[in-house]
Amino acid sequence: MTLASHGLHHVTAIAKDPSANADFYLRTLGLRLVKTTVNFDNPAVYHLYYGDTEGRPGTLLTFFPYGTVPPGRRGHGQATTTAFSVPAESIGWWQHHLRRHGTDVGEVVEHDDEASLTFHDPDGLELKLVAHRQRTDPRAPWEGGFVPAEHAVRGLHSVTLCTADETGTVTMLEELGLRFAGRHGATLRFATGDGGPGTLVDVVVDPTAPRGLVAGGTVHHIAFRAPDDATQQRWRAELLDRGEDVTEIRDRRYFRSIYFHEPGGTLLEIATDQPGFTADEPLLELGRALKLPPWLEPNREQIARSLPPLSLPNENDPAHGERTGVRARE
């Protein structure tokens, strides 16, 4: 292709209880809830966005908390691990912090210049914290949460795909502008841009793995960045020219999206960087109220009644951990 992504935009996964999900990602991982809205395709389900101070592309992990959804299964045809970047000197702090919060986390694993910790969220979603010994992540942390800023997550580091179709998956990533950056056993690393945190995709080639089942505790899709609408439109045209089954451009209020599957089965998205999460509320108020797109606003009362209660730890009082509810009427 003539275009190349600037890196990861976000990862979207499926959870069960929205309050338990928010408690873990705010209190334990120290992310900011930058938007409380609904799944535009199923407004009876929340869509919760976690990220940095502004919810910038490359820092975002989002969830559809379905409540009673059955557990999923990790396997080929899906993204299996979502990794966040943390400061090199903080990896030991994170190991202690996660254990103190009751998270089952193993020992620090060293590979090349990276140190990592692997663990799971309350629904079983596989997560990893990665610290690079030789490369500082320049992204600023969210300073208003439960984790001290000097240790806080800086944003996405990478995602891992599992595939039984090495040729198909690799070809698609290369067509999206990612370049081969190395191999470690059965894992292939691809990078775009400067190859730093937030630009990396690891591919595990495992034809013997079971087919993944996308449900609770698994990734629904991963999104790559397009800087603007014009670039996204060109990207869609090129994908169509190559015979890919690509959706129409969909307005997600905070970005616009197209979706398609790579040959190994993982659902991919290309999302625009703009307009961002301050499109419908000020920076200081992000995530505190239920926000709906204009086309759903006439149904606010009905939608609010269909959603389960959402209780959040109060980030303004980290020491006491008071809880607040999301305002549904605004």
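The values are calculated or read from the model by the stated rules, or taken from the named source; none is laboratory data. None of the values given here were measured: they were computed from a predicted structure. Please note: Cβ atoms are built from the backbone with ideal geometry, for glycine as well, and neighbour counts cover all protein chains shown. Ligands, DNA and RNA are stripped out before the accessible areas are found, and what is left, the full protein with its side chains, is counted by its heavy atoms. Shrake-Rupley method; radii C 1.70, N 1.55, O 1.52, S 1.80 Å.
A Gaussian network model of the chain, with springs between Cα atoms under 10 Å, assigns the largest mean-square fluctuation among 123, 280, 41 to 41. Can you list the HN-Hα couplings for the stretch 167-178, worked out from phi with the Karplus curve (6.51, -1.76, 1.60; θ = phi - 60°), rounded to whole Hz and with x for Gly and Pro? Coupling constants for the stretch 167-178: 4, x, 5, 4, 4, 5, 4, 5, 5, 7, x, 8 Hz. Multiplying each eigenvalue of the alpha-carbon gyration tensor of the stretch 94-152 by 5 and taking the square root yields semi-axes of 19, 17, 10 Å, largest first, rounded to whole angstroms. Residue by residue, the stretch 224-229 carries 3J(HN,Hα) couplings of 9, 8, 10, x, 7, 5 Hz when phi is fed to the Karplus relation 6.51 cos²θ - 1.76 cosθ + 1.60 (θ = phi - 60°); x denotes Gly or Pro.
Taken along the Cα-to-beta-carbon direction at a fixed 7 Å, the label points for residue 41 and residue 279 span 1.7 nm. Under the combined filter of DSSP loop state and at most 14 neighbouring Cβ atoms within 10 Å, the stretch 47-143 retains these trypsin sites (Lys or Arg not before Pro): 133. Take the chain with all the other protein chains still there, run a 1.4 Å probe, and you get 41 Å² of accessible area per residue.
At a 1.4 Å probe, what is the % contribution of carbon and sulfur to the accessible area of the chain? Exposed carbon and sulfur together represent 49 percent of the surface. So in the chain, what percent of DSSP beta bridges are antiparallel if you round to the nearest 5? Around 70 percent antiparallel, to the nearest 5.
Comparing 306, 257, 85 in a Gaussian network model of the chain, where Cα atoms under 10 Å apart are tied by springs, the biggest mean-square fluctuation is seen for 306. Each helix, a run of at least 4 DSSP H residues, gives -39500 (n - 2.57); summed and divided by the residues of the chain, these come to -4000 deg cm²/dmol at 222 nm. Projecting the Cα atoms of 306, 151, 276 onto the charge dipole of the chain, computed from C-beta unit charges around the Cα centre, puts 306 farthest toward the positive end. Restricting the GluC sites (Glu not before Pro) of the stretch 98-163 to loop positions (DSSP other than H, G, I, E, B) with no more than 12 neighbouring Cβ atoms within 10 Å leaves 107, 150.
Both numbers refer to the Cα atoms of the stretch 103-190; Rg and Dmax are 15.5, 44 Å.
3J(HN,Hα) couplings calculated from phi for the stretch 112-118 with the Karplus curve 6.51 cos²θ - 1.76 cosθ + 1.60 (θ = phi - 60°) are, in sequence order, 6, 9, 10, 10, 9, 10, 10 Hz; Gly and Pro show x.
Our note on the geometry: Cα centres of the stretch 223-299 and the stretch 96-130, 30 Å apart.
Taking the inverse of the mean reciprocal distance over all distinct Cα pairs, the Kirkwood hydrodynamic radius of the stretch 7-275 comes to 18.6 Å. Averaging 1/r over every pair of different alpha carbons in the stretch 171-285 and inverting the result gives a Kirkwood radius of 16.0 Å.
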